[in-house]
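What follows is calculated from the coordinates using simple rules that are stated; it is not laboratory data. Quantities reported herein were computed from a predicted structural model and do not represent experimental measurements. Glycine also receives a Cβ, built like all others from the backbone with ideal geometry; neighbour counts cover every protein chain displayed.
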Amino acid sequence: MLRVRDSMTREVITLGPGASAAEAWALCREHKIRHLPVVDDGRLAGLVSDRDLRDVSPPGGDREADTLRWVRVGEMMTRDLVTISPFDTIDHAARMIYDRKIGCLPVVDGDELVGIVTSSDMMRTLIELVGAHGSGSWVEVEVPNEPGQLANLTDVIRDRHVNIAGAFVAPASRETYRAIVLRLETRNPDGIVRTLKEAGYRVITVESSPPESVHNPFEER
């Protein structure tokens, strides 16, 4: 089972409560990050985000620069933080981020800040879990809503000597049937689709993805 420690960013950029908003803004821009934990005497004291920094700086040239220089991070940071343990599960972290509508969770072990996990980290983990980070094919199959169907499907595909990069079971839309979506490491799934149909399965959707883009959508956290 995946834990927060498997997805979190370990090399966390931090600053102290006495740092200026200008320093915080410079760190966000330099490291392309949106969240900065504030650490005081080795303990997590708060969190400042790029949104906080935008809110505190009025528009208008030199006035904006002056404001960012004299406002201290400790005056504007969020103190009532929601944190998570590195040993919590990934799904727990994802639910907390979604339910609380927050962008990140500082990861603490005791009093020590050991990492940070963001909504971008959650999305990257999801993509890795379903195998969507490279080229391949999606095959969606309708199966009876009863135990053992995923194993039966993988047996059919195993005989075709194609690797399964990921799989997930969709919620049952009907009482007697549900969909299983498979991510296959092939861009030509025609033979597998034919074999599945011959085995009596109803193939709902087949889609091949292009090669992985060189752009990294997770370079900002």
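Cβ crowding within 10 Å, taken as a proxy for footprinting-reagent exposure, orders 201, 98, 177 from fewest neighbours to most as 98, 177, 201. Counting neighbouring beta carbons within 10 Å and listing from fewest to most, the residues 23, 11 come out as 11, 23.
Dipole check for the chain: with +1 at the C-beta of Lys and Arg, -1 at the C-beta of Asp and Glu, and the Cα centre as origin, the magnitude is about 460 Debye.
Using the Cβ-Cβ distance between residue 198 and residue 175 with R0 = 25 Å, the FRET efficiency computed as 1/(1 + (r/R0)^6) comes to roughly 0.40.
Kirkwood hydrodynamic radius computed over the stretch 4-126 comes to 14.9 Å, based on all pairs of distinct alpha carbons.
Calculation over all alpha carbon pairs of the chain in 10 angstrom steps from 0 returns a P(r) of 7, 26, 24, 18, 14, 9, 3, 0 percent. When the Debye formula is applied to the Cα atoms of the stretch 133-209, each taken as the same point scatterer, what base-10 log of I(q)/I(0) results at q = 0.22, 0.25, 0.27 Å⁻¹? Ignoring solvent entirely, the Cα scatterers give -0.98, -1.26, -1.44. Short-range pairs are left out: with C-alpha atoms under 8 Å and at least six residues apart, the relative contact order of the chain is 20 percent. Note on the chain: with a GNM built from Cα contacts shorter than 10 Å, the maximum mean-square fluctuation among 167, 19, 151 falls on 151. By other beta-carbon atoms within 10 Å, ranking 87, 168 with the fewest at the front produces 87, 168. Do the sum for the chain: with -39,500 (n - 2.57) for every DSSP H run of n ≥ 4, divided by all residues, what is the mean residue ellipticity at 222 nm, to the nearest 500 deg cm²/dmol? Theoretical 222 nm ellipticity from helices: -9500 deg cm²/dmol.
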